Amino acid sequence: MTYNLQGKRIYVAGHRGMVGSAVVRRLASEGCEVITADRARADLKRQSEVEAFFKSERPDGVIMAAAKVGGILANDLYPAEFLYDNLMIESNIVHAAHEADVEKFLFLGSSCIYPKYAEQPIREDSLLTGALEPTNEWYAIAKIAGIKLAQSYRKQYGHDYISAMPTNLYGPGDNFDLKTSHVMPAIIRKVHEAKMNGDKEVVVWGTGTPRREFLHSDDCADALVFLFKNYSAPEHVNVGSGEDVSILELTQIVCEVVGYEGQVVNDLSKPDGTPRKLMSADVLRGLGWQPKIGLKEGILNAYSWYLENH
Ligand code: GDP
């Protein structure tokens, strides 16, 4: 172990989000004190508010799960927000952490940082070896800048700042708004509504052939806490399940979980995005971590949360 969480004050940025809330749940058994800030306390886009928060709270460690996130359409519709908001949030938090002498920092990126046609499964060292997928390049550029921020503060000041790149995540607390969500919550909601309405068809965007890797947010949180405690190096680490499915296969699994027997049809006016996004899980496996929640079990859990909360 390189970092002992016992008795530490850990700030989880983005605690209301799907990943942040999972991290807060996961930290409950680590003997540390979790610190959070809602927007009224610190608007993360405002440097002065973030600095004042760090000065008064003096966290020992930071897990940075705050970000402006969204699916393939939201990324395309709100490029300025995806780039500006994320650059501001990460710059403010990284620098405030530095000024407040934070001991350990984990920056959270995304698998979309990798080139559109990266060799699969995507290894960590494919970063910046090719052009990005245009539908999410704004978010990707911001997240690449975040990795570099963490690396640069590590290099210049010797801080123990690390980065993790999670794959497509899903779970309780996900965004189920069909216009801005990622594919998993969208498909869960669409299949559920098709069943409820007695529809003969459910529509998925694009051709259904793109392949994506999925990880439950509780598995992700477990991996992040594992890295926080056991990893210290400049290179970012992929956090994934190591397995992918096509969007059509995903839809079929969701249909099974929901109990829907209609037809799946494609809306070809919507983009496919990157053809495949499977990350290599070798580095994280090599460190001794692996996921515990299978895809079907995870989908059932996310669907149950949706039923209880919508
Ligand atoms: P990406 O991983 O950055 O491409 O983002 P998404 O999770 O939004 O989309 C993944 C894939 O699922 C893309 O090929 C989408 O076209 C496809 N997809 C199919 N149906 C839907 C849907 O209803 N919503 C979203 N967001 N994606 C969908």
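The values are calculated or read from the model by the stated rules, or taken from the named source; none is laboratory data. This structure is a prediction, so every number in the text was calculated from the model and none was measured. Cβ coordinates were reconstructed from backbone atoms using ideal geometry, including for glycine residues, and neighbour counts include every protein chain displayed. Just so you know, the surface numbers come from the protein's heavy atoms only, side chains and all, with ligands and any DNA or RNA stripped out. Shrake-Rupley method; radii C 1.70, N 1.55, O 1.52, S 1.80 Å.
The value given for the stretch 136-201 is a Kirkwood hydrodynamic radius of 15.0 Å, derived from the mean inverse Cα-Cα separation. Under the definition of Cα pairs under 8 Å and six or more residues apart, what whole-number percent is the relative contact order of the stretch 115-186? Answer for the stretch 115-186 is 16 percent. Loop-only GluC sites (Glu not before Pro) in the stretch 216-284, please: DSSP not H, G, I, E or B, and at most 16 other Cβ atoms within 10 Å. Filter output for the stretch 216-284: Glu235, Glu243, Glu261.
Computed from the C-beta positions of Leu77 and Met1, the FRET efficiency with R₀ = 45 Å rounds to 0.55.
Restriction of the GluC sites (Glu not before Pro) in the stretch 68-107 to DSSP coil positions whose beta-carbon has at most 15 other beta-carbons within 10 angstrom yields Glu103. Semi-axis lengths, largest first, of the ellipsoid equivalent to the chain are 32, 20, 19 Å, with √(5λ) applied to each eigenvalue of the Cα gyration tensor. Reducing the stretch 201-236 and the stretch 19-38 to their Cα centroids gives an inter-centroid distance of 19 Å.
As a quick test, which of the pairs Lys104/Lys155; Lys143/Lys277; Lys190/Lys296; Lys45/Lys229 have an alpha carbon distance above 19 angstrom in this structure?
Beyond 19 Å: Lys45/Lys229.
With all protein chains in place and a 1.4 Å probe, the accessible surface of the stretch 169-216 carries 52 percent carbon and sulfur. Which of the three applies to the stretch 1-74, rounded, prolate or oblate, going by the alpha-carbon gyration tensor with a ≥ b ≥ c and a/c under 1.5 meaning rounded? Verdict is oblate for the stretch 1-74. Taken per residue, the accessible surface of the stretch 1-130 reaches 46 Å², heavy atoms only and a 1.4 Å probe.
The accessible surface of the stretch 1-99, taken with every protein chain in place and a 1.4 Å probe, is 49 percent carbon and sulfur.
Counting 0.36 nm for each residue step from Ala233 to Val265 and taking away their Cα separation leaves a gain of 6.9 nm.
Test of the criteria: in the stretch 167-251, which trypsin sites (Lys or Arg not before Pro) are in a DSSP loop and have at most 13 other Cβ atoms within 10 angstrom of their Cβ?
When the trypsin sites (Lys or Arg not before Pro) of the stretch 167-251 are filtered for loop state and at most 13 Cβ neighbours within 10 Å, Lys179, Lys200 remain.
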